[in-house]
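Following: one structure in structure tokens, then a few remarks.
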Amino acid sequence: MIMKMLDKGALHISEDVFAIITSIVINEIDGIASTVSDLKDDFIRVVHKKGNQRGIAVHQNDNELYIDVKVSVYLGENILEVCKQLQKQIIAEIKIMTGIEVTGVNVIVDSVRLKDEN
């Protein structure tokens, strides 16, 4: 849970909320084919009963919030520019929807796909 103190109490937001927002942003970015997860990620998600979205991990250290995303990018896209846009949009949308500042978004490009691949 991510906690933010309010005037008359505290706000607790599940890491899953941040993962879902991130997933929505990823789906809206041109050039991103999909998120990617491997067997280790799937195993951790099942064992720890974490509902984090596939290929997305949310971490909190002290008062800092970090998000790791593993993605597949379409062949022919400028990977650097697509990833910069992805970082910027994730940070902006989470701020708009939750009021929480994201310290960093780490993007791991795990593969490249043709646009007509499933």
Share, in percent, of DSSP beta bridges within the stretch 2-113 that are antiparallel, nearest 5: 60 percent
Amide proton proximity set for residue 2, modelled H, under 5 Å, gap of 5+: 13, 14, 15
Peptides ranked, highest mean first, by Cβ atoms within 10 Å: ranges 74-84, 6-16: 74-84, 6-16
Extended-chain gain in nm, criterion 0.36 nm per residue less alpha-carbon gap, residue 88 and residue 112: 6.5 nm
Integer Hz, Karplus 6.51/-1.76/1.60 couplings in order for the stretch 102-112, x for Gly and Pro: 8, 6, x, 10, 9, 9, 10, 8, 8, 7, 10
Mean Cβ neighbour count within 10 Å, used as a protection proxy, ranking 106-116, 88-98 highest first: 88-98, 106-116
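Which of rounded, prolate, oblate describes the stretch 2-113, given a ≥ b ≥ c as roots of the alpha-carbon gyration tensor eigenvalues and a/c under 1.5 marking rounded, otherwise prolate only if a/b is larger than b/c? Walk me through the numbers on the way to the answer.
Values: a/c = 2.52, a/b = 1.45, b/c = 1.74.
It comes out oblate by the Cα gyration axes.
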Given charges at Cβ of Lys, Arg, Asp, Glu: the stretch 2-113 dipole, positive-most of 61, 89, 109: 61
Residues whose placed amide H lies under 5 Å from that of residue 34, excluding near-sequence neighbours: 72
Entries of 4/115; 88/115; 70/95 with Cα pairs more than 29 Å apart: 4/115
Phi to ³J(HN,Hα) by Karplus 6.51 cos²θ - 1.76 cosθ + 1.60 over the stretch 84-97, Hz, x for Gly, Pro: 4, 5, 4, 4, 4, 5, 4, 4, 5, 5, 5, 4, 5, 7
Sequence-distant residues sharing a close amide H with residue 106 (under 5 Å, placed H): 67, 68, 69
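Residue separation times 0.36 nm, minus the C-alpha to C-alpha distance between residue 96 and residue 59: what's the value? All intermediate terms of the calculation are to be shown ahead of the outcome.
Details: separation 37, 0.36 × 37 = 13.32 nm, distance 1.91 nm.
Full extension of this stretch gives 11.4 nm more.
Just so you know, all these numbers are worked out from the coordinates, no wet-lab data involved. No experiment lies behind these values; they were computed from the predicted model shown. Note: ideal-geometry Cβ built from the backbone for every residue, glycine included; neighbour counts use all protein chains shown.
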